[in-house]
Structure formats: C-alpha cells, structure tokens
Amino acid sequence: MSRARTLHRCQECGAVTPRWAGRCPGCEAWGSLVEEVEPVRAAAGRPASIAAPVALADVDGGAGAPSATGIDELDRVLGGGLVRGSVTLVGGEPGVGKSTLLLQTLASLASRGWKCLLVSAEESAQQVRRRAGRLGAVRPGMWLVAETSMPGIRAAVADLAPDVVVVDSVQTVWDPELGSAPGSVAQVRGCAQALTAMAKADGPAVVLVGHVTKDGTLAGPRVLEHVVDTVLTFDGERHHALRLLRSVKHRFGPTGELGLFEMGDAGLKGVPDPSGLFLGDRRQGTPGSVVFPSMEGYRPLLVELQALVCESTLAAPRRSVSGLDASRLALLVAVLQQRAGINCLPSDVYVSAVGGVRVVEPGADLAVALALASARTGVALPPDLVVLGEIGLGGEIRQVAHSSRRLREAARLGFSTAVVPASAPDEPGVRLRRVGSLAEAVATVLGAGQPAGAAGAGRGSSARDGGATRDVGHRGALRAAAGGPPAAAAAAALLD
Ligand code: TYD
Ligand code: MG
C-alpha cells in the first residue's frame, strides 16, 4: 500500500505548495489553498489492466439507462431516474430536508424491488427508524448501517450487495488511510473518490448527501462536483414549505430541470401543479399585485409579485426585496421615473415574490415595474392578466425566451390577457397587449386615472378602499407619461 502525502493546491491557479499559507505563492489569491492528499505512486510503467479502444458504434448504449425511483419530481430532475453505477450528490443547507427526501426515495425504490442501503453517518439507527416510521417509509428491502468509516462502509456494501447506497452525509464519513482530520476537504474528497470507485466497480447507484452553507464554504459539495456524475441542489426558504430540487450537473441528461416539493407533517410531497400553489392565496384587486409567468428550468411557473410603495422618513429610502434581485429593483425604480414619469425615488419600496420562490430573470422586469406603478398609483391590475418583458434603460420592452410556453401555462390557469413585448408571437387562448415601451405598458394597463374601484369594477372591496387613498398627483404624471388616448378607454378595453 502506498503512503499518502499531504499538499496544498490553489483553487484559482492550481499551484501546489507543501505547507498551507493564507495567500497562494503562485497567483497571490487569498484563502485559495486547499489541503489535498496525493498518494505516492508505487512504480511507473504499464498498469496491469488497461482499457482497449472499442468502436463507438459497438458500445452498448442501452446500458446505463435510468431507472425510475417512483418519486416523480426527482425522476423529472434526473431525466428518468437513477442510473446504476453512477454517483449523485445532493447538496443543500442543513435542515432543508435532504435526509427526508432520500429516506422517502429509498422506500419508493424498495417497493420497486431494489435492495437499498442507507449509511447513516450522522443519525443513530434509532433516530432513522423513528423518522422512517413517522414518514411511513419502512419497507422490506431497506437496510441501515450507522457507520462513519470507509472500511466499515465498504464491508457493509460487500456483505449486502445493494442496488443503491445512500451516504448521509459525505462530510461525516472518514477514511483512516487518508491521514488528515475527519471533516477536512482532503477527507471529504478522498471519501467521495473511494465511494465513486465503489459505484463504478460494484455497480450500485450511490447517492451522497452534502451540506452546504449559504456561502458554500463548508468542506464538501463544491470540491466534489468534479468527482461525481450528477449534482443536485435542494433548497427552499426556511419559513416556507416549498422545496426546490435542481440539477446543476448531470452526465445522463439535461440540466436545469426543476422538481418541486412541499414539506409537511408526512414528509415531502411532490407538487405537480405549482402555479396553483403560488396563486392559491392571492387577493384579487389589490394594487401592487402582478402575476408573472416565470420559467424555472424548463418549467413555467406562475408567480405573484407584490409591491408596496410608501412615504419614507429616511434620507436614503428603503429598497427591500424578497425573492427578487435588489440591484434590478433599483434600476427599475430609476427607469420608471425617467421613462414613464412614475416617481418612487423618494419613497420606501418593498417588492416580493410570493410563496418562497426566487425570480431573478430579467423577463420579470415589466411585471415588477407594473407592480410598482400599480402600488404607487393605487390602481389595481385586472385579475386575469399576466405580464412579461425585459426592460432596457431606454424604457424599451424586450423579448423574453420561451414566451409561448409561459403564456400557454397562463392560459391553462385561466389568465386571458397578457402584456408582452411588441415582437411576441401570437398565442391562442390569450389576448396579447403588445407594448414597445414602459410608458405604453403603464398606459395600457393602469389607464388614466380610474380609481382602483372603477378600474377593477366589482372586483373586490380592497381595490375600492385603495382608491380612496390614492395619490391624485400621480394620476397627472401617469396621464402625461401615457400620452395618447385617454387611458380609461385602454383600461376598459383590457378588461372587456
Ligand atoms: P432533514 O431531512 O433532517 O434535513 P437535512 O437532512 O437536509 O438536514 O429535515 C429536517 C427538517 O424537516 C426539520 O426541520 C423538520 C422538517 N420535517 C418536517 O417538517 N416534516 C417531516 O415529516 C420531517 C421528517 C421533517
Ligand atoms: Mg440530514
């Protein structure tokens, strides 16, 4: 057996030094040196077993096909399911629900006849059993070993010969052969490499759980991404039930797919129709509320955006976002003032994406801007309207990718009208209001000064209440910005 040697490699430039330093001697980057273990090679020469080249056409493409896990949202993200002999890393913050997801996945696989092994390196066997009992995830064919050492794990896998092994978590596994302290980057990477070798040699699908902190600094997932075949991230707002599963690297299919789960008393439940979930508590006729057909991976998702604009007592008025990009909000506030005459600059501005999702694509610009305009003027938008478009600094509205898919989803959920960029293609089932500029969009949607109650006639008392407190001075600005025909007519046309 060769002895391992510890060295430090710069994550920026790849320079290697025997001793750790705060600054890389090669590229002078700070804090970029990471401990690594390099086994000393036994002897040079031809290895005992080498792979012979084969014609590409002769390779069996059917082998390595994914097998469904039965957890639909997971299968969607994996492009069909788990591949035997592959290694998947599920990264996420502590407490997001990784252990729960994998326990449920193993139960589902076991009921499909897979022999499943859970290596619990964090929780005791009793803790796992109790949780599994609570989740109704105890099945024949599910095996458990509470083990943290690599030799122990190897022995368990050799004894049981499972079809799938889940290691929870890879940060708490250690290999005495590696020498460095348990939990160090060298240990985590070394163990992941050993587990990957095990997957390739013995053929089980291996799933590794990895904890990441918000800034991704904890030893683990980031340094493992090169080692594994697939990297999934599992995240969600701590105070919301929604959990999002995404693939960021996938050797067996496309990345960018999104799986959605809801965390409840009985564990995680797939959310096949997420738009319904996000729009469930929406109060129609409220100024500042706009529905945006967002895209998460390949999945359209209707999200309500809400804005609140109120008088500020601060020298630098507050700009608060939740689930949106803060610097984009500052830009939209400026463009709204400059190009559409709606001035939120001296006010406190709050904008949020409802339901714990993050909407960061520029395609949401117009929706955010109209939410701000609606909040500022007190005029509610029609309840069956969606808004889509990117805004340039000149106030022009730009095309957004996948507009047909987004609008089809909107139509499916009963939205009949959409404000879209001028170049948007037709979509059956949705009436399009094409707009070239922000000022035109504001005029089309908010009209010319009908109070909220009149604009949304019969659409709820909250709108009418809002009307009573409207900022009349702004109506003038709105009219001036809108130009053109009396926008009351435009608003009526939109609503009829
Ligand atoms: P867990 O799967 O242990 O998270 P991780 O492995 O990512 O650290 O999930 C922990 C959280 O999930 C915990 O705060 C409680 C919550 N939870 C539920 O709300 N319902 C449930 O049925 C279970 C099992 C957990
Ligand atoms: Mg856990």
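The values are calculated or read from the model by the stated rules, or taken from the named source; none is laboratory data. Values in this document were obtained by computation on a predicted structure and should not be read as measured data. No Cβ is skipped: glycine too gets one built from the backbone with ideal geometry, and neighbour counts run over all protein chains shown. Note: areas computed on protein heavy atoms with side chains; ligands, DNA, RNA excluded. Shrake-Rupley method; radii C 1.70, N 1.55, O 1.52, S 1.80 Å.
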Query - Flag if Arg243 is under 15 Å from the mean Cα position of the chain (by Cα), within 19 Å of Thr69 (Cβ to Cβ) and modelled with pLDDT of 80 or more - result: yes
Query raised in the report: What is the number of the single condition among (1) surrounded by fewer than 18 Cβ atoms within 10 Å (Cβ to Cβ); (2) of a type in the set (Gly, Ala, Ser); (3) more than 16 Å from ligand 1 (Cβ to nearest atom) that Gly95 does not meet?
Result: (3)
Requested in this report: Within region 134-146, track down each residue that is over 12 Å from Val166 (Cα atoms) and open to solvent by 40 Å² or more (accessible area, probe 1.4 Å).
Outcome: Arg134, Gly136, Val138, Arg139, Pro140
Query raised in the report: Which number in (1) of a type outside the set (Asp, Glu); (2) surrounded by fewer than 22 Cβ atoms within 10 Å (Cβ to Cβ); (3) touching a residue at least 24 places away in the same chain (Cβ under 8 Å) marks the one condition that Val231 misses?
Result: (2)
Report task. Tell me which residues, restricted to region 308-346, are among the polar types (S, T, N, Q) and assigned to a helix (DSSP H, G or I). Result -> Ser327, Gln337, Gln338
Query raised in the report: Under the condition of being surrounded by 15 or more Cβ atoms within 10 Å (Cβ to Cβ) and under 22 Å from the mean Cα position of the chain (by Cα), which residue from region 389-401 is farthest from Val435 (Cα to Cα)?
Result: Val400
Query - Members of region 150-170 that are more than 21 Å from Ser99 (Cα to Cα) and within 16 Å of ligand 2 (Cβ to nearest atom) - result: none
Requested in this report: Within region 287-307, track down each residue that is within 17 Å of the chain's Cα centre (by Cα) and not in a strand (DSSP E or B).
Outcome: Gly297, Tyr298
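Out of the residues in region 173-216 meeting the condition of being of a type in the set (Val, Ile, Thr) and farther than 17 Å from Leu117 by Cα, tell me which one is nearest to ligand 1 (Cβ to nearest atom). First the steps, then the outcome.
From region 173-216, those of a type in the set (Val, Ile, Thr) are 173, 185, 188, 196, 206-207, 209, 212-213; that's our starting set.
Keeping just the survivors that are farther than 17 Å from Leu117 by Cα gives 185, 188, 212-213.
On the way: Val185: 20, Val188: 17, Val212: 10, Thr213: 12 Å.
Among residues in region 173-216 that are of a type in the set (Val, Ile, Thr) and farther than 17 Å from Leu117 by Cα, the one nearest to ligand 1 (Cβ to nearest atom) is Val212.
Suppose we filter region 235-249 for residues that are assigned to a loop (DSSP other than H, G, I, E, B) and closer than 21 Å to Val87 by Cβ; how many remain? Don't jump to the end; show me each part of the working.
Start the filter on region 235-249 by keeping residues that are assigned to a loop (DSSP other than H, G, I, E, B), which leaves 236-241.
Those still in the list that are closer than 21 Å to Val87 by Cβ too: none.
Adding up the residues that qualify gives 0.
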Report task. Taking only region 250-270 into account, find how many residues are within 16 Å of the chain's Cα centre (by Cα), touching a residue at least 60 places away in the same chain (Cβ under 8 Å) and either part of a strand (DSSP E or B) or within 15 Å of ligand 1 (Cβ to nearest atom) (or both). Result -> 7
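Take Ala4 and tell me if it is open to solvent by less than 60 Å² (accessible area, probe 1.4 Å) and at pLDDT below 90. First the steps, then the outcome.
Values: open to solvent by less than 60 Å² (accessible area, probe 1.4 Å): yes; at pLDDT below 90: yes.
The answer is yes for Ala4.
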Query - Single unsatisfied condition, Gly264 versus (1) surrounded by fewer than 14 Cβ atoms within 10 Å (Cβ to Cβ); (2) under 12 Å from Gly356 (Cα atoms); (3) away from ligand 2 (no atom under 16 Å from the Cβ) - result: (2)
Requested in this report: With the condition kept exactly as written, say whether any residue in region 211-219 is modelled with pLDDT of 90 or more and either part of a strand (DSSP E or B) or on the phi < 0 side of the Ramachandran plot (or both).
Outcome: no
Report summary line: Of those in region 104-117 that are crowded, with 21+ Cβ neighbours inside 10 Å and closer than 17 Å to Leu78 by Cα, the residue farthest from ligand 2 (Cβ to nearest atom) is Leu109
